[in-house]
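The values are calculated or read from the model by the stated rules, or taken from the named source; none is laboratory data. Bear in mind that the values here come from a model prediction, so they are computed numbers and not experimental data. For neighbour counting, all protein chains shown are included, and Cβ atoms are generated from backbone atoms with ideal geometry for every residue, glycine included. Note: areas computed on protein heavy atoms with side chains; ligands, DNA, RNA excluded. Shrake-Rupley method; radii C 1.70, N 1.55, O 1.52, S 1.80 Å.
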Amino acid sequence: MVDLESEVPPLPPRYRFRDLLLGDQGWQNDDRVQVEFYMNENTFKERLKLFFIKNQRSSLRIRLFNFSLKLLSCLLYIIRVLLEKPSQGNEWSHIFWVNRSLPLWGLQVSVALISLFETILLGYLSYKGNIWEQILRIPFILEIINAVPFIISIFWPTLRNLFVPVFLNCWLAKHALENMINDLHRAIQRTQSAMFNQVLILISTLLCLIFTCICGIQHLERIGKKLNLFDSLYFCIVTFSTVGFGDVTPETWSSKLFVVAMICVALVVLPIQFEQLAYLWMERQKSGGNYSRHRAQTEKHVVLCVSSLKIDLLMDFLNEFYAHPRLQDYYVVILCPTEMDVQVRRVLQIPMWSQRVIYLQGSALKDQDLLRAKMDNAEACFILSSRCEVDRTSSDHQTILRAWAVKDFAPNCPLYVQILKPENKFHIKFADHVVCEEEFKYAMLALNCICPATSTLITLLVHTSRGQEGQQSPEQWQKMYGRCSGNEVYHIVLEESTFFAEYEGKSFTYASFHAHKKFGVCLIGVRREDNKNILLNPGPRYIMNASDICFYINITKEENSAFKNQDQQRTSNVPRSFYHGPSRLPVHSIIASMGTVAIDLQDTSCRASSGPTLALPTEGGKELRRPSIAPVLEVADTSSIQTCDLLSDQSEDETTPDEETSSNLEYAKGYPPYSPYIGSSPTFCHLLQEKVPFCCLRLDKSCQHNYYEDAKAYGFKNKLIIVAAETAGNGLYNFIVPLRAYYRPKKELNPIVLLLDNPPDMHFLDAICWFPMVYYMVGSIDNLDDLLRCGVTFAANMVVVDKESTMSAEEDYMADAKTIVNVQTLFRLFSSLSIITELTHPANMRFMQFRAKDCYSLALSKLEKKERERGSNLAFMFRLPFAAGRVFSISMLDTLLYQSFVKDYMISITRLLLGLDTIPGSGFLCSMKITEDDLWIRTYARLYQKLCSSTGDVPIGIYRTESQKLTTSESQISISVEEWEDTKDAKEPGHHRSIHRNSTSSDQSDHPLLRRKSMQWARRLSRKGPKHSGKTAEKITQQRLNLYRRSERQELAELVKNRMKHLGLSTVGYDEMNDHQSTLSYILINPSPDTRLELNDVVYLIRPDPLSYLPNSEPSRKNSICNAAVQDSREETQL
């Protein structure tokens, strides 16, 4: 074999890699050759082409020089006309010969020589093999016509006075101007708008037409009227404007023919130019133009990035954004890739919005569109996801890319991002504020099952309202509900506050109680100056510092409040109370929508420094005086706080031996070992000692560990909470966590059943298998059998989540159609079931519990329309399902992101209230119910004092339920056939018995006319039919009468019972659906201190963190805390 290494010579040292790195120092005398590389060929023609055409700057200079030459030639023509004396006679020789002076001829010859030479040179440089393409170009022909005669006159002097149509050089000047603009754009590396170029071309075309017509008519009329240039200008303007006075007209046939030709040219050229201009104008209207750099530097603006702009989203954003006084001078720039629809265009033409909102059609992924929106100068950028798409993950991916693009283009611009799915949150952790829709949605749905109407409470807190809704209503509950809806969360530094400055060095509960008693404000949280975490109700051990930031709920912020003492109020005729009823407590008087609130100050000079106290009753006066409440201490007494009481779970101590033997599973407290997505906040929860096998999580399927196949067989002691969803998304994990939080007592944990359309994946089952009493079942709320198997007949709450597959309907508002009809069917079948529904569009709330013939519902509909006409952003708040917390739309929480621009703490406070975040030392939201034993407290102020002095709880509102007596329609009364026969010609009796329903019952009406016809038909059949003397005819007649005698409720109940029997389920727990009392429920946020407590009122509380009372101990799933539960939120509030 040939040795290849011996045949291949080694590389010279100068080509070795080592020598390339270290340098070739040993080979100094090598024969290296320097090679020059050219971007263009090194020929004379290529160098000329580089100078005249390719180089932007030199080409721009050449075209500018050419443009100047053409204008100079036109100017010389005008000078020649003005200097020429009018010719005598009408000979045709005056058309071909003119009087031209020698200096003027010399100048025109010089210009012609330069122009012709430049034209030939450019034609030579741009020659590409086709000579006729260069010769037959219109600019080249015009150049030959205007330049060649002058050059010939040099060699033939008799032709010096030959007429040459030099005025046609205006068209060459127009052509040079267009080329010059293009070179200018290339030279400065900036493109002007197409509209600017088209307007420039249109103007230059008009000028060229008019100038050509002026010069042509003036020259042809040398044998006619001898018109001068001014008369020709007058004639052209009058003719082209279609006025046509007729005082100046052409006489010769040649001038008339020229006018006809020019009009024909104008009719062809000008419409084309105007069409292009109109098209560009329409396109510019669609794209929205630009937001100028000068405006961006002198004005403040925010950018709203959306994939598709809907009218509801736009109005929610504008109403909430401009509700704040300091944002009135801001501009909103909308950047959207789609064309503006008709509704949005109509709204943006309203003067109130047309001067503030700028719509730009473009993509956030393009730097040029971000530059148009001046993103680098924006005060903030809001990026919203499209929730109406079927593939919500794809929508999140688009949002993530937009956020990345904005952060890359404008790193210093604050980002406010809305994301749909929680697993995508960690991609946008760099954003300043993030709202995850599914996190908030499921957390609110979960708390709605424990604290009723939590969704309504949060919605009202995050909406900006004037508190004037419902004030024109005759009903008292609507006035109170509307006034209290104006309460919002505000902040202020303690040492700068009139509300809280005097409580420096005192406990948090002392400051909260006395601030509410004196000013009517509710202090809910604080934040240390050196700490970013907000603490909700840190408890009585927390001492207020001067630098603390206080967060409080009030009708308006303190800066817009004026203070007036009680003595001053008595001298002036100011109303005593903002709320109805006599009171010496705070009075709120709204002067403007965001104006000043007048607050009366209590005279506390005669009271002790420790706060108002109620004297204990004496021995002889016990029966005459109401019981007293302990005072709220300035500084918490550590001996009075019993740590064991706060952390002991009475449910464990009170467990009977039978319950201990029946329960096979033992619970522990700790952090869930597995989270389904990145970014979930760890929460201390009730957990199982060992995870449940996946087969045991299936409710309706038996396995080797248990033999249960329906919810009834499990024998749960507490009622179920059923969640009907399409898929088991990661957001559903946030529904389970608040219901299994460590501060919920074990004996009150409700079993959770997930009714899913699609089977869950293994990752989700890994996350929920550690939680006690959590099951799933594959089924749908469309199927009655599935509902009965999952235990709907003995469920406490039924949560219906809007399905993603129905969100992309052809008509936007029809996305909720299936959900609404299914929920209405549930209302009909199970009237005593508490159903909580999520809708896509808030406007569809009016269809929940729809009653077509109910007068009260019609009155609420009229009230909603009136409130909308008055400019209210919460017109739907008086709908009974929303007020009661039975329905909500996640789109109502979009305002939470908008409010964060002014209140950067709102997202953090909302997450703490919903239990999405848990911070050591921060309290949690819970509720307590007022019983008959608690009515001795009488007022909300005394309840505030009782809670602060005993458990350290801070109340923030009341959920009130009132009975409502509604008259029934005649369709809701079951009429027997016998009564009908006696009174068939009489009217319905005037006395109607009251219908009793709960707050979730729907109208069970049927059609009275059809029922009357059916009964008449039954009677006719019984009378006209063959008369049998036997028992068969009587039996058939009796069955038929019984069939028509049944009401609609009885028919539905019979249907449900038959299905339960068919499935082998017991009907013992099924509610017979007798008449229930009709009620209405509503929320009072931070009510007046003198508000009377009523039976069954539910009070919203922010309870201190029980773990904060444990010194030197941290929660862990395996430490001693696992063996002791937390104090029951309802039992420990001993009133």
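Among the residues that make up segment 250-257, is at least one of them assigned to a helix (DSSP H, G or I), aromatic (F, W, Y) and surrounded by 14 or more Cβ atoms within 10 Å (Cβ to Cβ)? No, every residue in segment 250-257 fails to be assigned to a helix (DSSP H, G or I), aromatic (F, W, Y) and surrounded by 14 or more Cβ atoms within 10 Å (Cβ to Cβ).
T158 meets each of the listed conditions (1) open to solvent by 30 Å² or more (accessible area, probe 1.4 Å); (2) touching a helix residue (DSSP H, G or I) at 6+ places or on another chain (Cβ under 8 Å); (3) of a type outside the set (D, E, K, R) apart from (2).
Could we say that S385 is surrounded by fewer than 19 Cβ atoms within 10 Å (Cβ to Cβ) and among the hydroxyl-bearing types (S, T, Y) here? So S385 fails the test.
For segment 731-749, a tally of residues being closer than 8 Å to H686 by Cβ and out of contact with any Lys or Arg (no Cβ under 9 Å at 6 or more places or on another chain) returns 4. Applying the criterion of at least 3 residues that are open to solvent by 10 Å² or more (accessible area, probe 1.4 Å) to the helices (runs of 4 or more DSSP H) found wholly in segment 388-505 leaves 392-409, 437-450, 476-484.
The set of residues in segment 827-854 being free of Cβ contacts under 8 Å to residues at least 60 places away in the same chain and more than 30 Å from the chain's Cα centre (by Cα) is empty. Of all the residues in segment 166-202, those that are modelled with pLDDT of 85 or more and open to solvent by 30 Å² or more (accessible area, probe 1.4 Å) number 5.
Taking the listed residues G216, G289, G246, the one that is assigned to a loop (DSSP other than H, G, I, E, B) and either modelled with pLDDT of 80 or more or open to solvent by 30 Å² or more (accessible area, probe 1.4 Å) (or both) is G246, with no other qualifying.
Taking the numbered list (1) of a type in the set (A, V, I, L, M); (2) more than 26 Å from C436 (Cα to Cα); (3) outside any loop (DSSP other than H, G, I, E, B) in turn, V692 passes all entries but (3).
Give me the residue from segment 847-862 that is assigned to a helix (DSSP H, G or I) and modelled with pLDDT under 80 and, out of that set, most open to solvent (accessible area, probe 1.4 Å). Among residues in segment 847-862 that are assigned to a helix (DSSP H, G or I) and modelled with pLDDT under 80, the one most open to solvent (accessible area, probe 1.4 Å) is K862. Reported count of residues in segment 219-243, each being among the hydrophobic types (A, V, I, L, M, F, W, C), open to solvent by 50 Å² or more (accessible area, probe 1.4 Å) and within 18 Å of Y77 (Cβ to Cβ), is 2.
In segment 118-149, which residue that is of a type in the set (S, T, Y) and open to solvent by 60 Å² or more (accessible area, probe 1.4 Å) is nearest to R63 (Cα to Cα)? Here the residue is Y124.
Taken over segment 873-915, the criterion of being among the hydrophobic types (A, V, I, L, M, F, W, C) and in a loop (DSSP other than H, G, I, E, B) is satisfied by L874, A884, F901, V902. Checking each residue in segment 917-927 for being under 26 Å from the mean Cα position of the chain (by Cα) and open to solvent by less than 10 Å² (accessible area, probe 1.4 Å) picks out only L925.
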